[in-house]
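**Student:** Can you read through this structure? Questions will come right after.
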Amino acid sequence: MLSSVMRAIFFQSAALAVLFGSVVSAATPSAIEAELKRRAEQKKAAEATPPAKKADIIVPDQQKAREVAETVYNTWRLSMIRGNEQAWRASTCRSRQMKVRNLIISQRGQFPRDFFRETQEAPNIDNFVYVGSLLGCKGNTMACTYVGKLQLGDAKPRENAFVLELVLEQGKWKLDQTRFFDLSQLPDVRKRLYNRDLELLKEQDGFMPYDRIPGVPLACRAPELIGKVFVDCPGRQIEMTINGISVHEFDDERRADVISGGLKRGQNTITYKIKNREGLKRPTMGIGLFVAPETPGNTGVCVFDHILDASDNANGGSFTFFISNDHIASMNPAFKGKRPEPFHAVPLKKKEGK
(Lines give C-alpha, C1' and ligand atoms only; values in the text may rest on other atoms or scores of the structure.)
Protein backbone atom coordinates (compact mmCIF):
# COMPACT_ATOMS: atom_id res chain seq x y z
CA MET A 1 0.00 0.00 0.00
CA LEU A 2 1.06 3.58 -0.52
CA SER A 3 2.58 5.93 1.95
CA SER A 4 0.71 9.13 2.76
CA VAL A 5 3.22 11.10 0.61
CA MET A 6 2.60 8.96 -2.47
CA ARG A 7 -1.14 9.16 -1.84
CA ALA A 8 -0.94 12.96 -1.76
CA ILE A 9 0.96 13.04 -5.07
CA PHE A 10 -1.62 10.77 -6.69
CA PHE A 11 -4.54 12.90 -5.60
CA GLN A 12 -2.88 16.16 -6.59
CA SER A 13 -2.89 14.76 -10.14
CA ALA A 14 -6.41 13.45 -9.70
CA ALA A 15 -7.68 16.81 -8.52
CA LEU A 16 -6.34 18.45 -11.67
CA ALA A 17 -8.27 15.93 -13.74
CA VAL A 18 -11.43 16.73 -11.83
CA LEU A 19 -11.07 20.47 -12.31
CA PHE A 20 -10.42 20.15 -16.05
CA GLY A 21 -11.47 17.26 -17.10
CA SER A 22 -35.22 14.53 -27.21
CA VAL A 23 -37.09 13.87 -24.04
CA VAL A 24 -35.83 10.88 -22.06
CA SER A 25 -37.29 9.64 -18.81
CA ALA A 26 -34.79 9.33 -15.94
CA ALA A 27 -34.10 6.00 -14.27
CA THR A 28 -36.37 4.88 -11.45
CA PRO A 29 -35.22 2.40 -8.76
CA SER A 30 -37.15 -0.42 -10.47
CA ALA A 31 -35.57 0.48 -13.82
CA ILE A 32 -32.11 0.40 -12.25
CA GLU A 33 -32.79 -3.00 -10.70
CA ALA A 34 -34.03 -4.37 -14.04
CA GLU A 35 -31.01 -2.93 -15.85
CA LEU A 36 -28.56 -4.42 -13.36
CA LYS A 37 -30.22 -7.82 -13.79
CA ARG A 38 -30.00 -7.50 -17.57
CA ARG A 39 -26.33 -6.57 -17.42
CA ALA A 40 -25.57 -9.50 -15.10
CA GLU A 41 -27.26 -11.88 -17.52
CA GLN A 42 -25.38 -10.39 -20.47
CA LYS A 43 -22.07 -10.69 -18.64
CA LYS A 44 -22.75 -14.30 -17.67
CA ALA A 45 -23.54 -15.15 -21.28
CA ALA A 46 -20.44 -13.32 -22.49
CA GLU A 47 -18.18 -15.12 -20.03
CA ALA A 48 -19.58 -18.43 -21.24
CA THR A 49 -18.71 -17.52 -24.83
CA PRO A 50 -15.15 -18.21 -26.00
CA PRO A 51 -13.19 -15.03 -26.72
CA ALA A 52 -13.11 -13.90 -30.31
CA LYS A 53 -10.27 -15.28 -32.43
CA LYS A 54 -8.66 -13.82 -35.51
CA ALA A 55 -10.74 -16.23 -37.56
CA ASP A 56 -13.86 -14.43 -36.27
CA ILE A 57 -12.70 -11.19 -37.89
CA ILE A 58 -14.09 -10.69 -41.41
CA VAL A 59 -12.20 -8.79 -44.11
CA PRO A 60 -14.95 -7.14 -46.20
CA ASP A 61 -14.85 -5.74 -49.71
CA GLN A 62 -12.61 -2.76 -49.00
CA GLN A 63 -14.12 -0.36 -51.51
CA LYS A 64 -17.68 -0.97 -50.31
CA ALA A 65 -16.67 -0.77 -46.65
CA ARG A 66 -14.86 2.50 -47.27
CA GLU A 67 -17.85 4.02 -49.08
CA VAL A 68 -20.20 3.05 -46.25
CA ALA A 69 -17.90 4.33 -43.51
CA GLU A 70 -17.18 7.64 -45.20
CA THR A 71 -20.84 8.27 -45.99
CA VAL A 72 -21.76 7.73 -42.33
CA TYR A 73 -18.80 9.73 -41.01
CA ASN A 74 -19.34 12.69 -43.34
CA THR A 75 -23.06 12.79 -42.48
CA TRP A 76 -22.16 12.73 -38.78
CA ARG A 77 -19.44 15.39 -39.21
CA LEU A 78 -21.72 17.78 -41.10
CA SER A 79 -24.47 17.29 -38.51
CA MET A 80 -22.01 18.43 -35.85
CA ILE A 81 -20.87 21.46 -37.85
CA ARG A 82 -24.44 22.54 -38.66
CA GLY A 83 -25.98 21.60 -35.30
CA ASN A 84 -28.47 19.32 -37.04
CA GLU A 85 -29.89 17.05 -34.33
CA GLN A 86 -31.95 14.90 -36.71
CA ALA A 87 -28.95 14.13 -38.94
CA TRP A 88 -26.78 13.47 -35.87
CA ARG A 89 -29.25 10.95 -34.47
CA ALA A 90 -29.56 9.29 -37.90
CA SER A 91 -25.79 8.74 -38.08
CA THR A 92 -24.98 8.00 -34.41
CA CYS A 93 -25.64 4.67 -32.68
CA ARG A 94 -28.17 4.60 -29.82
CA SER A 95 -25.66 3.75 -27.10
CA ARG A 96 -23.49 6.76 -27.99
CA GLN A 97 -26.51 9.07 -28.10
CA MET A 98 -27.41 8.08 -24.54
CA LYS A 99 -23.81 8.36 -23.32
CA VAL A 100 -23.57 11.88 -24.75
CA ARG A 101 -26.91 12.83 -23.23
CA ASN A 102 -25.90 11.48 -19.79
CA LEU A 103 -22.53 13.21 -19.92
CA ILE A 104 -24.14 16.60 -20.50
CA ILE A 105 -27.01 16.14 -18.02
CA SER A 106 -24.52 14.97 -15.35
CA GLN A 107 -22.76 18.35 -15.60
CA ARG A 108 -26.02 20.30 -15.31
CA GLY A 109 -26.11 20.98 -19.04
CA GLN A 110 -29.07 21.01 -21.42
CA PHE A 111 -29.20 18.28 -24.07
CA PRO A 112 -28.90 18.57 -27.04
CA ARG A 113 -28.39 22.35 -26.97
CA ASP A 114 -25.10 22.32 -25.06
CA PHE A 115 -23.74 19.42 -27.09
CA PHE A 116 -23.80 21.29 -30.38
CA ARG A 117 -22.75 24.53 -28.70
CA GLU A 118 -19.52 23.14 -27.26
CA THR A 119 -18.46 20.58 -29.90
CA GLN A 120 -15.25 21.16 -31.87
CA GLU A 121 -15.12 20.49 -35.59
CA ALA A 122 -14.19 16.87 -36.40
CA PRO A 123 -11.32 16.13 -38.82
CA ASN A 124 -11.96 16.04 -42.56
CA ILE A 125 -11.57 12.41 -43.66
CA ASP A 126 -10.25 13.59 -47.05
CA ASN A 127 -7.02 14.62 -45.31
CA PHE A 128 -6.21 11.00 -44.43
CA VAL A 129 -5.07 7.91 -46.33
CA TYR A 130 -7.43 4.95 -46.16
CA VAL A 131 -5.75 1.82 -44.73
CA GLY A 132 -8.48 -0.79 -44.43
CA SER A 133 -11.61 -2.09 -42.70
CA LEU A 134 -12.45 -5.11 -40.58
CA LEU A 135 -15.83 -6.54 -39.51
CA GLY A 136 -16.56 -8.14 -36.15
CA CYS A 137 -19.48 -9.51 -34.14
CA LYS A 138 -20.72 -11.59 -37.10
CA GLY A 139 -20.65 -8.56 -39.40
CA ASN A 140 -22.48 -6.20 -37.02
CA THR A 141 -19.51 -3.99 -36.10
CA MET A 142 -16.86 -2.38 -38.28
CA ALA A 143 -13.55 -0.60 -37.69
CA CYS A 144 -12.13 1.56 -40.49
CA THR A 145 -8.55 2.79 -40.15
CA TYR A 146 -6.91 5.81 -41.77
CA VAL A 147 -3.49 7.41 -41.38
CA GLY A 148 -2.31 10.98 -41.78
CA LYS A 149 -1.39 14.19 -40.02
CA LEU A 150 -3.78 15.44 -37.35
CA GLN A 151 -3.72 18.73 -35.47
CA LEU A 152 -5.21 18.71 -31.98
CA GLY A 153 -5.81 22.18 -30.58
CA ASP A 154 -2.85 24.52 -31.00
CA ALA A 155 -0.29 21.71 -31.16
CA LYS A 156 1.70 21.01 -34.31
CA PRO A 157 0.20 18.42 -36.70
CA ARG A 158 1.46 14.91 -35.95
CA GLU A 159 1.18 11.58 -37.70
CA ASN A 160 -1.82 9.70 -36.31
CA ALA A 161 -3.86 6.62 -37.00
CA PHE A 162 -7.53 7.62 -37.19
CA VAL A 163 -10.06 4.84 -36.53
CA LEU A 164 -13.84 4.94 -37.07
CA GLU A 165 -15.87 2.49 -34.96
CA LEU A 166 -19.30 1.71 -36.46
CA VAL A 167 -22.26 -0.42 -35.41
CA LEU A 168 -25.01 -1.95 -37.57
CA GLU A 169 -28.45 -1.02 -36.18
CA GLN A 170 -31.65 -2.20 -37.89
CA GLY A 171 -29.79 -2.64 -41.16
CA LYS A 172 -28.09 0.78 -41.10
CA TRP A 173 -24.51 1.60 -40.18
CA LYS A 174 -24.08 4.18 -37.40
CA LEU A 175 -20.97 5.80 -35.96
CA ASP A 176 -20.14 5.09 -32.34
CA GLN A 177 -16.80 6.84 -31.86
CA THR A 178 -13.49 7.84 -33.39
CA ARG A 179 -10.05 6.99 -32.04
CA PHE A 180 -6.65 8.63 -32.54
CA PHE A 181 -3.24 7.01 -32.06
CA ASP A 182 -0.06 9.10 -32.15
CA LEU A 183 2.47 7.39 -34.43
CA SER A 184 5.42 9.71 -33.83
CA GLN A 185 7.20 7.04 -31.74
CA LEU A 186 6.01 4.07 -33.82
CA PRO A 187 7.82 4.27 -37.17
CA ASP A 188 7.27 0.58 -38.02
CA VAL A 189 3.53 0.82 -37.39
CA ARG A 190 3.36 4.03 -39.42
CA LYS A 191 5.15 2.36 -42.35
CA ARG A 192 2.83 -0.66 -42.29
CA LEU A 193 -0.25 1.56 -42.16
CA TYR A 194 0.85 3.54 -45.20
CA ASN A 195 1.45 0.19 -46.94
CA ARG A 196 -2.19 -0.71 -46.15
CA ASP A 197 -1.15 -3.81 -44.21
CA LEU A 198 -4.44 -5.42 -43.10
CA GLU A 199 -2.55 -7.96 -40.97
CA LEU A 200 -1.42 -5.10 -38.73
CA LEU A 201 -5.05 -4.17 -38.14
CA LYS A 202 -5.68 -7.71 -36.89
CA GLU A 203 -2.71 -7.58 -34.53
CA GLN A 204 -3.55 -4.40 -32.62
CA ASP A 205 -6.66 -4.06 -30.43
CA GLY A 206 -6.96 -0.35 -31.25
CA PHE A 207 -7.68 -1.14 -34.91
CA MET A 208 -10.15 -3.95 -34.21
CA PRO A 209 -13.97 -3.77 -34.46
CA TYR A 210 -16.04 -4.32 -31.33
CA ASP A 211 -16.62 -7.94 -30.34
CA ARG A 212 -20.16 -7.07 -29.21
CA ILE A 213 -22.82 -4.41 -29.77
CA PRO A 214 -22.48 -1.65 -27.14
CA GLY A 215 -25.35 -1.70 -24.65
CA VAL A 216 -27.56 1.37 -24.25
CA PRO A 217 -27.08 2.82 -20.75
CA LEU A 218 -29.91 4.00 -18.55
CA ALA A 219 -30.90 7.64 -18.77
CA CYS A 220 -29.62 9.39 -15.65
CA ARG A 221 -31.23 12.14 -13.61
CA ALA A 222 -29.69 15.58 -13.12
CA PRO A 223 -27.09 15.25 -10.34
CA GLU A 224 -27.37 16.45 -6.78
CA LEU A 225 -23.56 16.75 -6.78
CA ILE A 226 -21.41 16.68 -9.92
CA GLY A 227 -19.05 13.74 -9.56
CA LYS A 228 -15.93 12.52 -11.33
CA VAL A 229 -13.96 9.29 -11.13
CA PHE A 230 -10.21 9.32 -11.65
CA VAL A 231 -8.43 6.04 -12.40
CA ASP A 232 -4.76 5.27 -13.01
CA CYS A 233 -4.45 1.53 -13.69
CA PRO A 234 -1.21 0.60 -15.49
CA GLY A 235 -1.19 -3.09 -16.38
CA ARG A 236 -4.78 -3.63 -15.26
CA GLN A 237 -8.37 -3.66 -16.50
CA ILE A 238 -11.16 -2.29 -14.30
CA GLU A 239 -14.92 -2.64 -14.75
CA MET A 240 -16.84 -0.27 -12.50
CA THR A 241 -20.41 0.74 -11.63
CA ILE A 242 -21.18 3.76 -9.44
CA ASN A 243 -24.58 4.16 -7.74
CA GLY A 244 -25.99 1.38 -9.92
CA ILE A 245 -26.14 3.50 -13.07
CA SER A 246 -22.75 4.96 -14.05
CA VAL A 247 -20.76 2.26 -15.86
CA HIS A 248 -17.05 2.66 -16.64
CA GLU A 249 -14.28 0.53 -18.14
CA PHE A 250 -10.59 1.33 -17.85
CA ASP A 251 -7.81 -0.57 -19.58
CA ASP A 252 -4.13 0.07 -18.77
CA GLU A 253 -4.68 3.83 -18.77
CA ARG A 254 -5.03 7.03 -16.79
CA ARG A 255 -8.36 8.80 -17.27
CA ALA A 256 -11.01 10.93 -15.57
CA ASP A 257 -14.71 10.32 -16.30
CA VAL A 258 -17.82 12.23 -15.37
CA ILE A 259 -20.13 10.09 -13.18
CA SER A 260 -23.53 9.63 -14.83
CA GLY A 261 -26.16 10.97 -12.45
CA GLY A 262 -23.41 12.36 -10.21
CA LEU A 263 -23.01 11.72 -6.50
CA LYS A 264 -25.32 12.60 -3.60
CA ARG A 265 -25.23 13.55 0.03
CA GLY A 266 -25.53 10.50 2.22
CA GLN A 267 -25.14 6.96 0.92
CA ASN A 268 -23.37 6.13 -2.35
CA THR A 269 -22.13 2.83 -3.74
CA ILE A 270 -19.33 1.61 -5.98
CA THR A 271 -18.59 -1.87 -7.34
CA TYR A 272 -15.59 -2.81 -9.45
CA LYS A 273 -13.42 -5.70 -10.58
CA ILE A 274 -9.69 -5.43 -11.19
CA LYS A 275 -7.98 -7.81 -13.62
CA ASN A 276 -4.28 -8.00 -14.37
CA ARG A 277 -3.16 -7.60 -17.97
CA GLU A 278 -0.81 -10.40 -18.97
CA GLY A 279 2.68 -9.35 -19.99
CA LEU A 280 2.39 -5.82 -18.59
CA LYS A 281 4.06 -4.31 -15.54
CA ARG A 282 1.71 -3.41 -12.68
CA PRO A 283 3.09 -0.50 -10.64
CA THR A 284 1.01 1.66 -8.31
CA MET A 285 -2.66 2.01 -9.25
CA GLY A 286 -5.34 4.26 -7.87
CA ILE A 287 -9.06 4.98 -7.96
CA GLY A 288 -10.53 8.22 -6.65
CA LEU A 289 -14.09 9.58 -6.58
CA PHE A 290 -14.47 13.33 -6.28
CA VAL A 291 -17.22 15.87 -5.85
CA ALA A 292 -16.40 18.51 -8.46
CA PRO A 293 -16.55 22.22 -7.51
CA GLU A 294 -19.37 24.33 -8.91
CA THR A 295 -18.59 27.56 -7.06
CA PRO A 296 -15.69 29.68 -8.36
CA GLY A 297 -12.70 29.40 -6.03
CA ASN A 298 -13.75 26.09 -4.49
CA THR A 299 -11.75 22.89 -4.96
CA GLY A 300 -12.80 19.29 -5.53
CA VAL A 301 -13.02 16.93 -2.57
CA CYS A 302 -12.12 13.24 -2.60
CA VAL A 303 -14.83 11.06 -1.02
CA PHE A 304 -13.53 7.57 -1.92
CA ASP A 305 -10.13 6.11 -2.76
CA HIS A 306 -8.51 2.78 -3.48
CA ILE A 307 -4.73 2.93 -3.87
CA LEU A 308 -2.43 -0.07 -4.19
CA ASP A 309 1.26 -0.52 -4.86
CA ALA A 310 2.79 -3.22 -7.07
CA SER A 311 2.90 -5.79 -4.25
CA ASP A 312 -0.89 -5.83 -3.76
CA ASN A 313 -3.18 -8.05 -5.81
CA ALA A 314 -6.66 -6.88 -4.81
CA ASN A 315 -9.35 -7.80 -7.34
CA GLY A 316 -11.90 -5.14 -6.41
CA GLY A 317 -15.07 -5.27 -4.34
CA SER A 318 -18.35 -3.54 -3.48
CA PHE A 319 -18.33 -0.57 -1.12
CA THR A 320 -20.81 1.83 0.43
CA PHE A 321 -19.53 5.29 1.35
CA PHE A 322 -21.15 8.45 2.65
CA ILE A 323 -20.82 12.09 1.66
CA SER A 324 -21.36 14.46 4.57
CA ASN A 325 -22.11 18.16 4.76
CA ASP A 326 -18.53 18.60 6.02
CA HIS A 327 -17.22 17.10 2.77
CA ILE A 328 -19.11 19.75 0.83
CA ALA A 329 -18.17 22.58 3.22
CA SER A 330 -14.48 21.64 3.01
CA MET A 331 -14.48 22.50 -0.70
CA ASN A 332 -14.47 26.16 0.32
CA PRO A 333 -10.89 27.40 0.99
CA ALA A 334 -12.25 29.35 3.98
CA PHE A 335 -13.35 26.11 5.72
CA LYS A 336 -11.97 26.09 9.29
CA GLY A 337 -13.09 22.69 10.57
CA LYS A 338 -11.35 19.31 10.39
CA ARG A 339 -11.30 18.15 6.78
CA PRO A 340 -13.06 14.80 6.48
CA GLU A 341 -11.12 11.84 5.11
CA PRO A 342 -12.33 9.99 2.03
CA PHE A 343 -13.55 6.43 2.46
CA HIS A 344 -10.44 4.25 2.10
CA ALA A 345 -11.13 0.93 0.40
CA VAL A 346 -7.62 -0.02 1.55
CA PRO A 347 -6.51 1.22 4.99
CA LEU A 348 -3.68 3.75 5.02
CA LYS A 349 -0.24 2.28 5.52
CA LYS A 350 1.24 3.46 8.80
CA LYS A 351 4.67 5.05 8.79
CA GLU A 352 7.49 2.80 9.94
CA GLY A 353 8.20 3.01 13.64
CA LYS A 354 4.76 4.39 14.49
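**Student:** Residue by residue through the range 191-209, note down the ones that are assigned to a loop (DSSP other than H, G, I, E, B) and in contact with a strand residue (DSSP E or B) (Cβ under 7 Å, 6 or more places away or on another chain).
**Tutor:** Narrowing the range 191-209 to residues assigned to a loop (DSSP other than H, G, I, E, B): 195-197, 204, 208-209.
If the condition is that a residue be assigned to a loop (DSSP other than H, G, I, E, B) and in contact with a strand residue (DSSP E or B) (Cβ under 7 Å, 6 or more places away or on another chain), then ARG196, MET208, PRO209 are the ones that fit.
**Student:** If the Cβ limit is 7 Å and pairs must be 6+ apart or interchain, which residue in the range 177-202 that is more than 30 Å from SER91 (Cα to Cα) pairs with which residue that is open to solvent by 40 Å² or more (accessible area, probe 1.4 Å)?
**Tutor:** Correct list of pairs: SER184/ARG158.
**Student:** Does ASP211 satisfy the condition of being in contact with a Gly (Cβ under 6 Å, 6 or more places away or on another chain), open to solvent by 30 Å² or more (accessible area, probe 1.4 Å) and closer than 28 Å to GLU169 by Cβ? Before the answer, list the steps.
**Tutor:** On the way: in contact with a Gly (Cβ under 6 Å, 6 or more places away or on another chain): yes; open to solvent by 30 Å² or more (accessible area, probe 1.4 Å): yes; closer than 28 Å to GLU169 by Cβ: yes.
Judged against the criteria, ASP211 is a match.
**Student:** When the residues of the range 300-354 are filtered to those that are at pLDDT below 90, open to solvent by 80 Å² or more (accessible area, probe 1.4 Å) and of a type in the set (Gly, Ala, Ser), which remaining residue is nearest to LEU289 (Cα to Cα)?
**Tutor:** This residue is SER311.
**Student:** Return the pairs, sorted by first residue and then second, in which the second residue is part of a helix (DSSP H, G or I) and open to solvent by 30 Å² or more (accessible area, probe 1.4 Å), the first residue lies in the range 117-135 and is within 21 Å of PRO209 (Cα to Cα) and of a type in the set (Val, Ile, Thr), the beta carbons are less than 7 Å apart, and the residues are 6+ apart or on different chains.
**Tutor:** Close Cβ pairs satisfying both conditions: ILE125/GLU70; ILE125/ASN74; VAL129/TYR194.
**Student:** Among (1) modelled with pLDDT of 95 or more; (2) open to solvent by less than 40 Å² (accessible area, probe 1.4 Å), there is one condition LEU183 misses while meeting the rest; what is its number?
**Tutor:** Among (1) modelled with pLDDT of 95 or more; (2) open to solvent by less than 40 Å² (accessible area, probe 1.4 Å), the lone unmet condition for LEU183 is (1).
**Student:** Sticking with this structure for a sec: For the range 156-175, which residues satisfy the criterion of being under 24 Å from ARG192 (Cβ atoms) and not charged (D, E, K, R)? Steps first, please.
**Tutor:** Residues of the range 156-175 under 24 Å from ARG192 (Cβ atoms): 156-166.
Matches in the range 156-175: PRO157, ASN160, ALA161, PHE162, VAL163, LEU164, LEU166.
**Student:** Does ASP188 count as more than 23 Å from ILE58 (Cα to Cα), open to solvent by 30 Å² or more (accessible area, probe 1.4 Å) and either part of a strand (DSSP E or B) or not hydrophobic (A, V, I, L, M, F, W, C) (or both)?
**Tutor:** Numbers: more than 23 Å from ILE58 (Cα to Cα): yes; open to solvent by 30 Å² or more (accessible area, probe 1.4 Å): yes; either part of a strand (DSSP E or B) or not hydrophobic (A, V, I, L, M, F, W, C) (or both): yes.
For ASP188, the condition - more than 23 Å from ILE58 (Cα to Cα), open to solvent by 30 Å² or more (accessible area, probe 1.4 Å) and either part of a strand (DSSP E or B) or not hydrophobic (A, V, I, L, M, F, W, C) (or both) - is met.
**Student:** Going by the conditions given, is CYS144 hydrophobic (A, V, I, L, M, F, W, C) and over 19 Å from the mean Cα position of the chain (by Cα)?
**Tutor:** yes
**Student:** If only one of GLY171, GLY206, GLY136 is surrounded by fewer than 17 Cβ atoms within 10 Å (Cβ to Cβ) and touching a Phe, Trp or Tyr at 6+ places or on another chain (Cβ under 8 Å), which one is it? It would help to see each step written out before you state the result.
**Tutor:** Numbers: GLY171 fails: touching a Phe, Trp or Tyr at 6+ places or on another chain (Cβ under 8 Å); GLY136 fails: surrounded by fewer than 17 Cβ atoms within 10 Å (Cβ to Cβ).
One residue alone meets the criteria, GLY206.
**Student:** Among the listed residues ARG212, ARG221, which satisfies the condition of being assigned to a loop (DSSP other than H, G, I, E, B), more than 14 Å from the chain's Cα centre (by Cα), more than 29 Å from CYS144 (Cα to Cα) and not β-branched (Val, Ile, Thr)? Steps first, please.
**Tutor:** Details: ARG212 fails: more than 29 Å from CYS144 (Cα to Cα).
Matching residue, one of ARG212, ARG221: ARG221.
**Student:** Sort out which residues of the range 107-133 are open to solvent by less than 40 Å² (accessible area, probe 1.4 Å) and either closer than 28 Å to ASP205 by Cβ or of a type in the set (D, E, K, R) (or both), and write them in order of number.
**Tutor:** Those that are open to solvent by less than 40 Å² (accessible area, probe 1.4 Å) and either closer than 28 Å to ASP205 by Cβ or of a type in the set (D, E, K, R) (or both): ASP114, ALA122, PRO123, ILE125, PHE128, TYR130, VAL131, GLY132, SER133.
**Student:** To continue, here is another question. Go through (1) within 15 Å of SER246 (Cα to Cα); (2) open to solvent by less than 30 Å² (accessible area, probe 1.4 Å) for GLY286 and report which single condition fails.
**Tutor:** Only one criterion is unmet by GLY286, namely (1).
**Student:** Do we have THR178 as hydroxyl-bearing (Ser, Thr, Tyr), part of a strand (DSSP E or B) and surrounded by fewer than 20 Cβ atoms within 10 Å (Cβ to Cβ) here?
**Tutor:** On the way: hydroxyl-bearing (Ser, Thr, Tyr): yes; part of a strand (DSSP E or B): yes; surrounded by fewer than 20 Cβ atoms within 10 Å (Cβ to Cβ): yes.
Here the answer is yes, as THR178 does meet what is asked.
**Student:** A further question on this structure: Could you tell me how many of the residues in the range 215-237 are closer than 21 Å to THR320 by Cβ, surrounded by fewer than 21 Cβ atoms within 10 Å (Cβ to Cβ) and modelled with pLDDT under 95?
**Tutor:** 1
The values are calculated or read from the model by the stated rules, or taken from the named source; none is laboratory data. Since we're looking at a predicted model, the values are computed, not measured. Methodologically, a virtual Cβ is constructed for each residue, glycine included, from the backbone with ideal geometry; neighbour enumeration extends over all protein chains shown. Surface areas here come from the heavy atoms of the whole protein model, side chains and all, with no ligands, DNA or RNA. Shrake-Rupley method; radii C 1.70, N 1.55, O 1.52, S 1.80 Å.
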